[in-house]
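Beneath this line is the structure, given in structure tokens, with notes to follow.
The values are calculated or read from the model by the stated rules, or taken from the named source; none is laboratory data. Quick caveat: nothing in here was measured; it's all calculated off a predicted structure. Positions of Cβ are generated from backbone atoms using ideal geometry, with glycine treated the same way; all protein chains shown enter the neighbour counts.
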Amino acid sequence: MNLTEARTRFLSDAAKYAELGAHALDTVVAFTPPEFKRNYAAFEGAMDAQPALFTTPNNGVPAFLTTLIDPDIYEILFSPNKAAIIFGENKKGSWLDDAAVFPVVEHVGEVSSYGDYANSGHASANTNWPNRQSYLFQTVKQYGERELERAGLARINWVGEIDKAAATVLNKYQNLTYFFGVQGLQNYGLLNDPNLSAALSPSLKAHGGVKWVINGVVVATAEEIYKDIQSIFIGLVQQSGGLIDKETPVTLAMSPESEMALTATNSFNVNVSDLLKKNFPNLKVVTAVQYGALSASNPQGVAAGNFVQMIAGNIEGQDTGYMAFNEKMRAHQIVPGMSNWMQKVTGGTWGAIVRMPAAIKSMVGV
């Protein structure tokens with residue numbers, strides 16, 4: 001039976017089955033001839049799969065469908081801002097002020113021998129007006145409409161992150177000015193105020209140098225380190241004219257690396273920290289990376305080497321000084337664009353206001 005005969009027979013049988021309620025699909029037009037069953041290649045209407053793929057082979061779904069976005073967002077951390085902890089912080093004036101004066105009064109006079117009619121001797125006061133200049137700095141927050149929505153797909157509050165970034169940038173710079181001031185202005189930091197006394201040099205150590213730590217190893221002995229700190233305290237007592245003694249609350253500021261030298265232990269199993277606590281009960285240690293030596297890993301360090309400062313917080317009820325700002329973070333108006341927004345934020349600094357330089361003594365190169 002050929003194809004024509006198979007079609008004729010199918011049409012005949014289809015009419016019979018239709019009377020009985022059985023209907024073939026419209027796409028069926030004939031029975032399959034016997035020769036088609038033996039020769040598949042001759043059957044042009046076969047619905048078999050093709051022997052080769054037209055599409056690129058794959059073994060699954062798109063990778064992003066099986067990728068988890070952790071909802072816990074981790075932020076890159078920066079060295080802590082320690083200037084205000086070491087020296088305190090005050091707001092002075094406003095962002096309109098370009099300069100500030102800090103009055104200083106010194107009592108002067110002399111006495112003479114008494115006489116009923118004598119009028120010699122006198123008492124007076126001398127005033128000075130040290131001044132400082134402020135420095136305003138700014139940064140700009142920017143974000144676009146599509147940028148916000150794309151960040152939202154990853155569950156990130158993009159505006160919030162930009163706000164945090166602006167606050168971080170301003171605070172980091174503020175902290176830097178507290179230590180080093182602003183070049184070109186009468187704006188100085190705690191480490192370079194011109195009124196501070198000259199820094200001491202460490203004593204020569206048994207290992208041949210003057211440093212406490214070399215390449216991550218404490219090379220100075222506990223006695224040598226303690227004697228250096230003693231020398232700083234003695235210098236502080238001498239230049240304060242007796243206003244400071246071992247009972248005076250003082251802050252010993254140094255780098256985190258230098259602080260590790262305080263763990264050096266002597267032959268009696270007593271370390272430097274133990275000696276300090278016993279002999280200087282009101283001394284506290286505060287660390288900041290700015291006291292470390294300048295290096296590629298510490299670009300805010302001191303070029304002359306590891307720095308140590310001893311600071312008496314106040315004498316006779318007067319603050320030794322403080323870090324000062326005239327604007328912490330002023331947020332200006334939000335400026336809308338066609339599909340974006342911008343906002344400027346501003347800060348202002350006076351640097352470190354050292355009112356009593358005699359209450360601070362330093363050592364460099366430990």
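You will find that of V182, V169, the residue that is in the same structural domain as G301 (by TED's automatic domain parsing), within 28 Å of Y322 (Cβ to Cβ), not aromatic (F, W, Y) and not in a helix (DSSP H, G or I) is V182 and no other.
Here V286 meets each of (1) buried (at least 19 other Cβ atoms within 10 Å of the Cβ); (2) within 22 Å of F179 (Cβ to Cβ); (3) touching a residue at least 60 places away in the same chain (Cβ under 8 Å) with one exception, condition (1). If you check M254, M323, which single one turns out to be of a type in the set (A, V, I, L, M, F, W, C), closer than 30 Å to L136 by Cβ and surrounded by 14 or more Cβ atoms within 10 Å (Cβ to Cβ)? The match here is M323. Counting only strands (runs of 3 or more DSSP E) that sit wholly inside the range 76-151, those with at least 1 residues that are closer than 30 Å to M338 by Cβ are 135-144. Scanning the range 270-281 for residues that are surrounded by fewer than 16 Cβ atoms within 10 Å (Cβ to Cβ) and either touching a strand residue (DSSP E or B) at 6+ places or on another chain (Cβ under 7 Å) or of a type in the set (V, I, T) (or both) yields one hit, V270.
Being loosely packed, with under 11 Cβ neighbours inside 10 Å, within 22 Å of L191 (Cα to Cα), out of contact with any Asp or Glu (no Cβ under 8 Å at 6 or more places or on another chain) and in contact (Cβ under 8 Å) with a residue 12 or more places away in the chain is a condition met by at least one residue of the range 131-141.
Could you pull out the residue among G337, G313, G347 that is under 27 Å from the mean Cα position of the chain (by Cα), assigned by TED's automatic domain parsing to the domain that holds V182 and either under 22 Å from N171 (Cβ atoms) or at pLDDT 95 or above (or both)?
On the way: G337 fails: under 27 Å from the mean Cα position of the chain (by Cα); G313 fails: either under 22 Å from N171 (Cβ atoms) or at pLDDT 95 or above (or both).
Exactly one of G337, G313, G347 is under 27 Å from the mean Cα position of the chain (by Cα), assigned by TED's automatic domain parsing to the domain that holds V182 and either under 22 Å from N171 (Cβ atoms) or at pLDDT 95 or above (or both), namely G347.
Any residue at all in the range 335-355 that's without any contact (Cβ under 8 Å) to a residue 24 or more places away in the chain and assigned to a strand (DSSP E or B)? Yes, that holds for at least one residue. Evaluate the range 252-259: report whether one residue or more is assigned by TED's automatic domain parsing to the domain that holds P130, of a type in the set (G, A, S), out of contact with any helix residue (DSSP H, G or I) (no Cβ under 9 Å at 6 or more places or on another chain) and not in a helix (DSSP H, G or I). No; the residues of the range 252-259 include none that is assigned by TED's automatic domain parsing to the domain that holds P130, of a type in the set (G, A, S), out of contact with any helix residue (DSSP H, G or I) (no Cβ under 9 Å at 6 or more places or on another chain) and not in a helix (DSSP H, G or I).
Take the residues of the range 293-312 that are among the small types (G, A, S) and touching a strand residue (DSSP E or B) at 6+ places or on another chain (Cβ under 7 Å): which is surrounded by the most Cβ atoms within 10 Å (Cβ to Cβ)? Step through it out loud before you land on a result.
Restricting attention to the range 293-312, the residues satisfying the condition of being among the small types (G, A, S) are 293, 295-297, 301, 303-305, 312.
Filter once more, so that each one left must be touching a strand residue (DSSP E or B) at 6+ places or on another chain (Cβ under 7 Å): 293, 301, 304-305, 312.
Working: A293: 19, G301: 18, A304: 11, G305: 16, A312: 22.
Checked the range 293-312; the qualifying residue surrounded by the most Cβ atoms within 10 Å (Cβ to Cβ) is A312.
Hey, among G109, G88, which residue is surrounded by 15 or more Cβ atoms within 10 Å (Cβ to Cβ) and on the phi > 0 side of the Ramachandran plot? Lay out the reasoning, then the answer.
Numbers: G109 fails: surrounded by 15 or more Cβ atoms within 10 Å (Cβ to Cβ).
Sole residue among the options that is surrounded by 15 or more Cβ atoms within 10 Å (Cβ to Cβ) and on the phi > 0 side of the Ramachandran plot: G88.
Kindly indicate the residue of the range 214-236 that is surrounded by fewer than 17 Cβ atoms within 10 Å (Cβ to Cβ) and of a type in the set (V, I, T) and also nearest to I311 (Cα to Cα) among those meeting that condition. Among those residues, the one meeting the criterion is I234.
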